[in-house]
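Only one structure is covered here, and it is reproduced in the block below.
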Amino acid sequence: MKKKMLRISGLFFSLIALAALLGFLYFNITYPKVSPAPDLKVEITPERVERGEYLANHVAMCMDCHSKRDWSLLSGPPTPGTMGMGGDVFDENFGFPGTIHVPNITPANLGSWTDGEIFRAITSGVSKDGHTLFPVMPYLDYRQMKEEDLLSIIAYIRTLPAIENTVPRSKINFPVNYLIRTLPQDATLPKEAPDPEKDIIAYGAYLVGISGCNHCHTPRKEGEEPTGEILQGGVSFNLPDGSTLRTPNLTPDEQTGIGMMTKDVFVRRFKMYADSSFQLPSVQPGSFQTIMPWKMYAGMKEEDLGAIYEYLQNLKPVHNPVVRWEPAPKKLASKE
């Protein structure tokens, strides 16, 4: 009887192991659940390259992450000569579940990619070899970009100087490495963006969506629905020195948001960084630092910044006081 029970138990656990194995194989075969890269060939025109340069450097901020940033200066501006080469690292020191290496997007690396594969990576978060990109790459936001804007970015990327820089594959911790595989989906891009002459608020919402504002200023689990009100701020970022940075409230609350800020002041807050006489201050270890790429956003057109302001002023006001920065605890700071 005992041997029979052992055989039954062994069979039971074997079936469970088999079911788990089949489930694992099914998951790996099924996800990410996206179509093959589209058969796409982008015509590179001067107009597209100009538009793509504007978007990639000053709106969608592709070059913010895919270039080397000089963190000895406030806001970590891109280091000249590194545009698109990748190599930045987001790891557990920043609060990420693993080590994310930002890839090289110059022709030295993407030269073997088709335009359709680049399109799929930007809008669906799936690389050429089929692996899922960690959503620090904001493909969940970029899928709302109008088609011509995306094609312009691809055209611009194709014209970047080729920089040889081999970047390691990202390593995401379990179980997040499996969870993110459920995020990609086929993108259906809008043909047109809202017309600012007809609906400046909708156009401002479009710009906010593709410029990463929601990504940093709206509390949410990575790749999921917001856990708080849109753009209420308070999203925390751990910095390597042990300090904590939190994003400000962008809703029109008069006490804790930007409800008292005029459009002129809002626009000038960005454009001051574009002034040739303005020099970014140096940042000493342990001092306040921000990941907000002010120098890059400063190149945005004033009318686009104005549209963003109009959209923000029409949001629901949220009273959300935010402690912007906390220095590293003394014990941690003493070890650095």
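Where a number appears in this text, it was derived from the coordinates with a stated rule and is not lab data. It should be emphasised that the depicted structure is a prediction, and the values quoted were computed from it without experimental measurement. FYI the Cβ positions are ideal-geometry reconstructions off the backbone, even for glycines, and counts take in every protein chain you see.
Before moving on, here are some points about what is shown:
- Shape category assigned to region 38-102 from the gyration tensor of Cα positions, a/c cut at 1.5: oblate
- Förster-model FRET efficiency, 45 Å R0, THR114 and MET260, C-beta, rounded to 0.05: 0.35
- Computed over the alpha-carbon atoms, region 193-336 gives an Rg to Rh ratio of 1.00, Rh here being the Kirkwood radius from the mean inverse distance.
- Dipole magnitude of region 193-336 about its Cα centre (Cβ charges: Lys, Arg +1; Asp, Glu -1), debye to nearest 20: 620 debye
- Taking only the Cα atoms of region 234-278, the radius of gyration and Dmax are 14.1, 36 Å.
- Sites LYS301 and GLU92, calculated FRET efficiency, Cβ-Cβ separation with R0 30 Å, nearest 0.05: 0.20
- Convex hull (Cα only) mean projected area of the chain, reported in nm² to one decimal: 22.9 nm²
- Taking a ≥ b ≥ c as the square roots of the eigenvalues of the Cα gyration tensor, an a/c ratio of 1.5 or more together with a/b no larger than b/c marks region 94-191 as oblate.
- Note: relative contact order over region 36-192, using C-alpha pairs below 8 Å and six or more positions apart, is 29 percent.
- Magnitude of the charge dipole for region 36-192, about its Cα centre and with charges confined to Cβ atoms of Lys, Arg (+1) and Asp, Glu (-1), is about 300 debye.
- Charge dipole of the chain (Cα centre as origin; +1 on each Lys and Arg Cβ, -1 on each Asp and Glu Cβ, all else neutral): 1880 debye, rounded to the nearest 20.
- Packing-based order for 50-58, 195-203, using average beta carbon neighbours within 10 Å, highest first: 50-58, 195-203
- Beyond 30 Å in Cα-Cα separation lie the following of the pairs LYS198/LYS316; LYS68/LYS198; LYS41/LYS263; LYS68/LYS316; LYS198/LYS271; LYS146/LYS295: LYS68/LYS198; LYS41/LYS263; LYS68/LYS316.
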